[in-house]
């Protein structure tokens, strides 16, 4: 069965996005796609879904693709069991994911956070995607645990996040990520195959006390102000080829492996 055609003007940005954004920005959940679906019906379905989440600690599956989340939505201390979708969602107000565990794949790609967001001690056990996500205000990933295959490529942080003490698995992608202000990765632990190529640290970054596994790339990255790598540990194959430092640079390396490229 083909998807009903949207009755209002469509603008093409990634998938089809509807000009009417009362409740959803995705075409496939647009309230105008079906003549039988009224605004009231869509709103009730939306609120029931959030009510179900807010009153249950374990969520078997959740599909919030394209949802525009209401003010003061609490999603903390929950367990999402199956794949979870927040891609293309819009969070206009403060959102709290503290102490929540995502047991399967989680997708936040193309989502937009207008206000502050917290992921304190949040656990992502499956593949996690924040590709092309926009973070408008303060973002806290304090002591967050990420599994393998994390994607932040082309994500944009207007106010740079705090990732102090965060733990990362293998195959971590920060390719072409843009950090607006100084970013704190101090005390973070990275696994193998970490990519910060072409990443822009607008006002610098701190990797003090951070540990990197093998195969780390900072080639063509740009540090707008200070870059601090005090007491950092690098394993084999670390690449800072063509990285640009526009301010003070501190490298006090605690441990370094073979093939460290810096020129």
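Each value in this text was obtained by applying a stated rule to the coordinates, not by laboratory testing. All of these numbers come straight from a predicted model, not from anything done at the bench. Because the Cβ atoms are built from the backbone with ideal geometry, glycine has one as well, and the counts that use them run over all protein chains shown.
Taking the inverse of the average 1/r across all pairs of different Cα atoms in region 165-237, what Kirkwood radius in Å do you get? Could you put the intermediate results ahead of the total?
Working: mean 1/r = 0.0833 Å⁻¹.
Hydrodynamic radius (Kirkwood, Cα pairs) of region 165-237 is 12.0 Å.
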Rounded if a/c is under 1.5, else prolate if a/b is larger than b/c, else oblate: which is region 140-263, with a ≥ b ≥ c the root eigenvalues of its Cα gyration tensor?
rounded
How high is the relative contact order of region 179-263, in percent, counting Cα pairs under 8 Å that sit 6 or more residues apart?
26
Find the relative contact order for region 103-147 and round it to a whole percent, using C-alpha pairs within less than 8 Å whose residues are 6+ positions apart.
48
Highest first, please rank the peptides 244-251, 204-211, 232-239 by the mean number of other Cβ atoms sitting within 10 Å of their residues.
204-211, 232-239, 244-251
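Shape verdict for region 131-184, please, from the Cα gyration tensor: rounded (a/c under 1.5), prolate (a/b greater than b/c) or oblate.
Working: a/c = 2.16, a/b = 1.22, b/c = 1.76.
In terms of gyration-tensor shape, oblate.
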Near-label residues of region 180-214 by backbone N, under 20 Å of a point 7 Å along Cα→Cβ of residue 242
194-202
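So how do 181, 258 line up by other beta-carbon neighbours within 10 Å, fewest first? It would help to have the intermediate numbers written out before the result.
Values: 181 18, 258 10.
Lowest count first: 258, 181.
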